[in-house]
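The values are calculated or read from the model by the stated rules, or taken from the named source; none is laboratory data. The structure displayed is predicted, hence computed values, not measured ones. Note that we place each Cβ from the backbone using ideal geometry, even for glycine, and neighbour counts take in every protein chain shown.
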Ligand code: FES
Ligand SMILES: [Fe+2]
């Protein structure tokens, strides 16, 4: 194994290199950058590692935020994206592992394939412990990227459906019969105009809401509906499916919902 102990994140740095994680991800560089700048998903997509996040500042340059783990430990993390170098650097500015830096370089090798090289620099680690610490970081990144890939691939699928015309406006799809209400089990999935919806029962009333989140196309269909509120698993935005209102304060809502018409016990979905 090569000795990386003298590799430093920048000339003159005293932070030792403890390990590298490398992987080819089935996503575009655009999805990678989007994911990198997306601080909001940490406590939701990576709920096993992050309990909370409070953003101090964010922009096209990156973000700086206080994260809290499940033991209540707080860490101020800063991420800086440098697209010119296809690189982003994450630094722990305060709290646990203060001074640690994680440098990620991305190499696009096809439209939907990116080779990433993640280098871990951790201060105050004895020379003989570096390999062990590096393996811990690599294991953590394996899990984080498994979770990120699932999100990025699904988001790409939703974007491709839009571009590919699956979500269209054909007159033939302006009404969809769901059949007798008595024969349906709620919640159930349906489609109209290429868009996916969920029909559910809230307090004895039937409601229709999109299976896909209006924020960044997260899967509302997989979230349990509680008291008429659905919470998106990607960034935690909540929506009241009866009104479409966002219950968590973001400027986002469920809109253009189809109407559900019941005639002689038969349900029909009608496009707005
Ligand atoms: S995709 Fe962001 S909250 Fe749903
Ligand atoms: Fe992530």
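Checking residue 255 against (1) surrounded by 12 or more Cβ atoms within 10 Å (Cβ to Cβ); (2) closer than 24 Å to residue 40 by Cβ; (3) modelled with pLDDT under 95, which test does it fail?
The failed condition is (1).
Can you tell me which residue in region 222-239 is nearest to ligand 1 (Cβ to nearest atom), limited to those that are over 21 Å from residue 46 (Cβ atoms) and touching a strand residue (DSSP E or B) at 6+ places or on another chain (Cβ under 6 Å)? Explain how you work it out, then say what you get.
Of the residues in region 222-239, the ones over 21 Å from residue 46 (Cβ atoms) are 225-229, 239.
Restricting the remaining residues to those that are touching a strand residue (DSSP E or B) at 6+ places or on another chain (Cβ under 6 Å) gives 225, 228-229, 239.
Values: 225: 15, 228: 17, 229: 13, 239: 9 Å.
Checked region 222-239; the qualifying residue nearest to ligand 1 (Cβ to nearest atom) is 239.
Anything in region 212-232 that is over 16 Å from residue 245 (Cβ atoms) and surrounded by fewer than 16 Cβ atoms within 10 Å (Cβ to Cβ)? List them, or say none.
So the first thing to find is which residues in region 212-232 are over 16 Å from residue 245 (Cβ atoms), and the list is 212, 216-219, 221-224.
222, 224 - these are the residues of region 212-232 that are over 16 Å from residue 245 (Cβ atoms) and surrounded by fewer than 16 Cβ atoms within 10 Å (Cβ to Cβ).
If residue 207 meets every condition in (1) assigned to a strand (DSSP E or B); (2) modelled with pLDDT of 95 or more; (3) touching a helix residue (DSSP H, G or I) at 6+ places or on another chain (Cβ under 7 Å) apart from one, which number is that one?
Among (1) assigned to a strand (DSSP E or B); (2) modelled with pLDDT of 95 or more; (3) touching a helix residue (DSSP H, G or I) at 6+ places or on another chain (Cβ under 7 Å), the lone unmet condition for residue 207 is (3).
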